[in-house]
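Undergrad: To start, I am sharing the structure in question, which I have written as structure tokens.
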Amino acid sequence: MTGTFTYTFDTPTYKGSATVHTGLFINGEWVKPVNETATIDVINPGTFNLTRTAYKTSWGLKVPGSQRSRLLNKLADLVEERLDEFTALEALDTGKTFHNARAHDITGSIAVLRYFAGWADKVQGKTIETNETKLAYTRHEPFGVVGQIIPWNFPFIMLVCKIGPALATGNTVVLKASELFSPPAIHLYLDFQPSEMTPLTALKIAGLFNEAGFPPGVVNIVNGYGPTAGAAIASHPHIAKVAFTGSVGVGKAIMRASTESNLKPVTLELGGKSPTIVFDDADLEQAVKWAAIGIFANSGQVCTAGSRIFVQEGIYDKFLEKMTEIAKGLASATGDPFEQSTQHGPLVSQTQFDVGSLLSLHDAVELLMRSSLQRVMSYIESGKSDGANVHVGGVRHGNEGYFVQPTIFTDVKPEMKIMREEIFGPVAAVVKFQTEEEVIEAANNTTYGLACNVFSQNASRALRVAHQIEAGTAWVNCAQTGEFSVPFGGYKQSGIGREMGESALAMYTQIKSVHVNIGLQL
């Protein structure tokens, strides 16, 4: 039997205790890792055999879509019954404010489960007319065992966005949760020192799959570092498909592992360096508020963060003045995520905050970090040394915790790191532009293509520009307002494939064409 972790909350927003198992959830049971001295580490190779057996015997197309729908809805009910408990764990785990975690992350996750529950009995093929002697039709069949690897910035909603379409279409799942656990980020408010790293909400929901009625082995949740648990998922021959959300460097490593193992298909949702474009004719008050949400939400730890803000010269000064007011207001409302008044929380971990620390103890992860996700403070120092002007912020907030003040750079040049690389923190560059053609070229001058935000009251111009930006999602006169029924994914190095919406179902099914002879004689 594995151990458990219990935390008692006595905060203004939540009072109560939450308990999660600290082992691996495999084949419907809590088991210890291969290395029993570690709280997180290695997957037993037998895990993949167990979930493969579950697919062949008690899941897949042997279970009607209506039954898969019922189980997903039941899982949503169980989470909803524990809404505040899941919210408290998510806030503790990530440092995001309690009210945002409740309103968006956990409530949104429940909606995602129900959305894909609705699709489970609607996965359909086609009958294709050929000639009178043949019946031809297609079937959309599950892959079998799929591997899924989720990030740390939105751990719970990323989990349900992965398992929702996979289970709805009849696949079994081996999911690696994020190893990062961040209460030290808010240790000045919470009297707690954790034992290393734990994905709390992933472990909490794991305990509900049996209660919801899922057969053993259909969903398996493991903890571990990328070079061990993640690599095992990416390279195992019994994993038929992999979905990953995270950095470009790790995404490339997963593609290599797929190529070198069994050529498993991959879905990748990777980084971003999203442009926000504000034209002179935009509703200035609204544009500033949305742009602030676009970069400062979740302390900037969002893959779609609008970190490159292009403002047309006619309103540049007014925009910057109002954006500065919002940044200062957030700085003054920085603090304990469990306080009602807090609007700006900490970064997720010392690793994300610090200039020189490592993501894990593994040299492989250190190498990836050096090439892709440098820490927030190192980027701020890079911007200063490159000659950009820190208009506001640019420093830590207080002397304890992992708080970074909302930061705005001006006098930025396209070749600077803070304009080219994903920072993953509350750091924006505000750039003046003159013409539509100029800003389109500047916005597309990136290896990323995840999202963009366009602000203009001229509908023709707003749509014209949105269509010309090389990004998978375009928000017009808003930002960060994704819908679970709308596909999400990137262009360029921001990813492959789509999540959410009906398009997500296609990522978890294979099309089989069936030709039936009904009259052709030899």
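Undergrad: Return the pairs, sorted by first residue and then second, in which the second residue is open to solvent by 20 Å² or more (accessible area, probe 1.4 Å) and not in a helix (DSSP H, G or I), the first residue lies in the range 224-252 and is free of Cβ contacts under 8 Å to residues at least 40 places away in the same chain and farther than 11 Å from Val266 by Cβ, the beta carbons are less than 8 Å apart, and the residues are 6+ apart or on different chains.
TA: Ser235/Ser261; Pro237/Ser261; Pro237/Asn262
Undergrad: Can you name the residue in the range 478-508 that is among the hydroxyl-bearing types (Ser, Thr, Tyr) and out of contact with any Pro (no Cβ under 6 Å at 6 or more places or on another chain) and is also least open to solvent (accessible area, probe 1.4 Å) among such residues?
TA: Ser494
Undergrad: On to the next question. Out of (1) modelled with pLDDT of 95 or more; (2) farther than 21 Å from Ile380 by Cβ; (3) within 25 Å of the chain's Cα centre (by Cα), what's the single condition that is false for Gln312?
TA: All conditions pass for Gln312, except number (3).
Rundown of residues vs (1) of a type in the set (A, V, I, L, M); (2) out of contact with any Asp or Glu (no Cβ under 9 Å at 6 or more places or on another chain), yes/no style:
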{"position": "Asn73", "(1), (2)": "no, yes"}
{"position": "Glu80", "(1), (2)": "no, yes"}
{"position": "Leu83", "(1), (2)": "yes, yes"}
{"position": "Phe86", "(1), (2)": "no, no"}
{"position": "Leu92", "(1), (2)": "yes, yes"}
{"position": "Lys96", "(1), (2)": "no, no"}
{"position": "Ala101", "(1), (2)": "yes, no"}
{"position": "Gly108", "(1), (2)": "no, yes"}
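Undergrad: Could I ask something else about it? Find the residue count for the range 462-474, including only residues that are over 18 Å from the mean Cα position of the chain (by Cα) and open to solvent by 20 Å² or more (accessible area, probe 1.4 Å).
TA: The number of residues fulfilling the criteria is 5.
Undergrad: I'm trying to understand the selection: among the residues of the range 234-257, which are open to solvent by 20 Å² or more (accessible area, probe 1.4 Å) and either among the basic types (Lys, Arg) or assigned to a strand (DSSP E or B) (or both)?
TA: Of everything in the range 234-257, those that are open to solvent by 20 Å² or more (accessible area, probe 1.4 Å) and either among the basic types (Lys, Arg) or assigned to a strand (DSSP E or B) (or both) turn out to be Lys252, Arg256.
Each row is one residue, and each column tells you yes or no for (1) touching a strand residue (DSSP E or B) at 6+ places or on another chain (Cβ under 9 Å); (2) modelled with pLDDT of 90 or more; (3) open to solvent by 10 Å² or more (accessible area, probe 1.4 Å).
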{"site": "Val20", "(1), (2), (3)": "yes, no, no"}
{"site": "Leu24", "(1), (2), (3)": "yes, no, no"}
{"site": "Trp30", "(1), (2), (3)": "yes, no, yes"}
{"site": "Val34", "(1), (2), (3)": "no, no, yes"}
{"site": "Lys74", "(1), (2), (3)": "no, yes, yes"}
{"site": "Leu78", "(1), (2), (3)": "no, yes, no"}
{"site": "Phe86", "(1), (2), (3)": "yes, yes, no"}
{"site": "Ser109", "(1), (2), (3)": "no, yes, no"}
{"site": "Ala117", "(1), (2), (3)": "no, yes, no"}
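Undergrad: Can you find a residue that is part of a loop (DSSP other than H, G, I, E, B), open to solvent by 60 Å² or more (accessible area, probe 1.4 Å) and of a type in the set (S, T, N, Q) anywhere in the range 137-160?
TA: Restricting attention to the range 137-160, the residues satisfying the condition of being part of a loop (DSSP other than H, G, I, E, B) are 143-144, 150-154.
Next, from what is left, pick out any that are open to solvent by 60 Å² or more (accessible area, probe 1.4 Å): none.
Checking the range 137-160: not a single residue is part of a loop (DSSP other than H, G, I, E, B), open to solvent by 60 Å² or more (accessible area, probe 1.4 Å) and of a type in the set (S, T, N, Q).
Undergrad: Go through the range 396-443 and give me each residue that's in contact (Cβ under 8 Å) with a residue 24 or more places away in the chain, within 17 Å of Gly272 (Cα to Cα) and open to solvent by 30 Å² or more (accessible area, probe 1.4 Å).
TA: Pro414, Lys417, Arg420, Glu421, Ala442
Yes or no, residue by residue, for (1) touching a residue at least 60 places away in the same chain (Cβ under 8 Å); (2) closer than 30 Å to Ala257 by Cβ:
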| position | (1), (2) |
| --- | --- |
| Ser69 | yes, no |
| Ala103 | no, no |
| Phe116 | yes, yes |
| Lys122 | no, no |
| Glu132 | yes, no |
| Tyr137 | yes, no |
| Val146 | yes, yes |
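Undergrad: Looking only at the range 279-311, count how many residues are open to solvent by 20 Å² or more (accessible area, probe 1.4 Å) and among the polar types (S, T, N, Q). Talk me through it step by step, then tell me what you get.
TA: At the first step, the residues of the range 279-311 found to be open to solvent by 20 Å² or more (accessible area, probe 1.4 Å) are 280-281, 283-286, 289-290, 293, 297-298, 303.
Retained after the next criterion (residues that are among the polar types (S, T, N, Q)): 286, 298.
Counting residues in the range 279-311 that are open to solvent by 20 Å² or more (accessible area, probe 1.4 Å) and among the polar types (S, T, N, Q) gives 2.
Undergrad: Of the conditions (1) modelled with pLDDT of 90 or more; (2) open to solvent by less than 40 Å² (accessible area, probe 1.4 Å), Arg82 satisfies every one except a single condition; which number is it?
TA: Answer for Arg82: the failing condition is (2).
Undergrad: Hey, Thr446 hits all of (1) surrounded by fewer than 23 Cβ atoms within 10 Å (Cβ to Cβ); (2) out of contact with any helix residue (DSSP H, G or I) (no Cβ under 6 Å at 6 or more places or on another chain) but one; which does it fall short on?
TA: So the condition that Thr446 fails would be (1).
Undergrad: Right, something else. Within the range 380-387, is there a residue that is part of a loop (DSSP other than H, G, I, E, B) and either crowded, with 20+ Cβ neighbours inside 10 Å or touching a helix residue (DSSP H, G or I) at 6+ places or on another chain (Cβ under 6 Å) (or both)?
TA: No: the range 380-387 contains no residue that is part of a loop (DSSP other than H, G, I, E, B) and either crowded, with 20+ Cβ neighbours inside 10 Å or touching a helix residue (DSSP H, G or I) at 6+ places or on another chain (Cβ under 6 Å) (or both).
Undergrad: For Lys512, are the conditions met, namely being of a type in the set (Lys, Arg) and more than 30 Å from Lys289 (Cβ to Cβ)? Break it down stepwise before answering.
TA: Numbers: of a type in the set (Lys, Arg): yes; more than 30 Å from Lys289 (Cβ to Cβ): yes.
Here the answer is yes, as Lys512 does meet what is asked.
The values are calculated or read from the model by the stated rules, or taken from the named source; none is laboratory data. The structure presented is a predicted model; accordingly, all values stated were derived computationally and were not measured. Reconstructed Cβ throughout: ideal geometry from the backbone, glycine too, with neighbour counts over all protein chains shown. Keep in mind that these areas ignore ligands, DNA and RNA; they rest on the heavy atoms of the full protein, side chains included. Shrake-Rupley method; radii C 1.70, N 1.55, O 1.52, S 1.80 Å.
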